[in-house]
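Just so you know, all these numbers are worked out from the coordinates, no wet-lab data involved. Computed from a prediction, not measured in an experiment: that's the story for all the values here. Here Cβ is always computed from backbone atoms with ideal geometry, including for glycine, and neighbour counts include all displayed protein chains.
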Amino acid sequence: MANQLRPLNGRVAAVTGGARGIGRATAEALLARGARVAIGDLDAEACERVASELGGGVIGLPLDVTGRDSFSGFLDAVERDLGPLDVLVNNAGILATGGFARERDAVTQRVLDVNFGGTALGCKLALERLLPRDTGHIVNVASALGRTSVPGGASYCASKHAIVGLSASIQAELAGTNVELHLVLPGVVDTDMAAGMKGLRGIRTLQPADVGEAVVKAIQVGSPELIVPRSLGVLVSAQPITPRPLVRLISRLLRSDRLLTQMDTLERAAYEARIVPDGG
């Protein structure tokens, strides 16, 4: 049947940024479908603790997505302990907010290195394993801001636009193979990354589990791209053909023009300090 879901039972899946938020929820969603799951995170202690909490044979491993040796070693360990890789979810990402003119160079570079560089490296290393077997899936978790942009997050938006372009090119290169790449573009998600945000007016703020389910859906139905929630997807998809004055009006109505510029800085301070080691 054309609508039959692809089974995930027994499949080996690795999730980056798996110690919290979307990564953890994605690991839970994969585990619920019978997958054998490994999570990787820069916070190795939290990663091991979360793996233990999830149970079901989930393994937690240290991972720096910006380092080839670290990422390759992570995937080697996954395959050694669980078996040949079937699914890689490139989820690790960070968000620095504020005016671009005042953003420290180290912060700009860190955002690009983690978000785009880590995703690109993950794709390369996964393809090295999947293409010889002509099977498997890569899921790139980007953001709806990969299809649009808002003030106050220039580096983040740039990194997510880059992931969208990267994913489209890889999808074209994979034509004629049985390896698939799926792109998931969430709106605002209630995670540490969204600390201090007020959200969008009229658009539901997602829970991490919503995105985890979207990742699983993309794999099981073979979706090249999913924007969640669906209501946001309609707006984002229509933007390229919408007159610019109307785009600005919609942005004001949704409050997206203030999403990253009017935040609770005290609430956000701990997250901002954590994402750039040594203060940048």
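Within the stretch 94-115, residues that are touching a residue at least 60 places away in the same chain (Cβ under 8 Å) and on the phi < 0 side of the Ramachandran plot sit with their Cβ atoms under 6 Å from residues that are of a type in the set (Gly, Ala, Ser) and surrounded by fewer than 17 Cβ atoms within 10 Å (Cβ to Cβ), at 6+ positions apart or across chains, in these pairs: 104/280; 106/280; 107/280. Which one of the conditions (1) more than 21 Å from residue 216 (Cβ to Cβ); (2) out of contact with any Asp or Glu (no Cβ under 6 Å at 6 or more places or on another chain) does residue 82 fail to meet, given that it meets all the rest? For residue 82, the failing item is (1). Exactly one residue among 231, 256 is farther than 23 Å from residue 19 by Cβ and surrounded by 18 or more Cβ atoms within 10 Å (Cβ to Cβ), and that residue is 256.
With respect to the conditions (1) crowded, with 19+ Cβ neighbours inside 10 Å; (2) more than 19 Å from residue 8 (Cα to Cα); (3) hydrophobic (A, V, I, L, M, F, W, C); (4) touching a residue at least 24 places away in the same chain (Cβ under 8 Å), residue 206 lacks only one, and its number is (4). Per the listing 227, 138, 170, 219, the residue uniquely under 28 Å from residue 276 (Cβ atoms) and of a type in the set (Val, Ile, Thr) is 138.
If you go through the stretch 221-265 one residue at a time, how many are touching a residue at least 60 places away in the same chain (Cβ under 8 Å) and farther than 22 Å from residue 161 by Cβ? Adding up the residues that qualify gives 5. The helices (runs of 4 or more DSSP H) found wholly in the stretch 194-259 and carrying at least 2 residues that are over 16 Å from the mean Cα position of the chain (by Cα) and within 25 Å of residue 24 (Cβ to Cβ) occupy 208-221, 230-238. Residue-level analysis places residue 80 outside the set of residues that are of a type in the set (D, E, K, R) and either under 26 Å from residue 186 (Cβ atoms) or buried (at least 18 other Cβ atoms within 10 Å of the Cβ) (or both).
Residue 174 falls short on exactly one of the conditions (1) touching a strand residue (DSSP E or B) at 6+ places or on another chain (Cβ under 9 Å); (2) in contact (Cβ under 8 Å) with a residue 60 or more places away in the chain, and that condition is (2). Looking at this structure, is residue 36 surrounded by fewer than 24 Cβ atoms within 10 Å (Cβ to Cβ) and touching a Pro at 6+ places or on another chain (Cβ under 9 Å)? The answer is no for residue 36.
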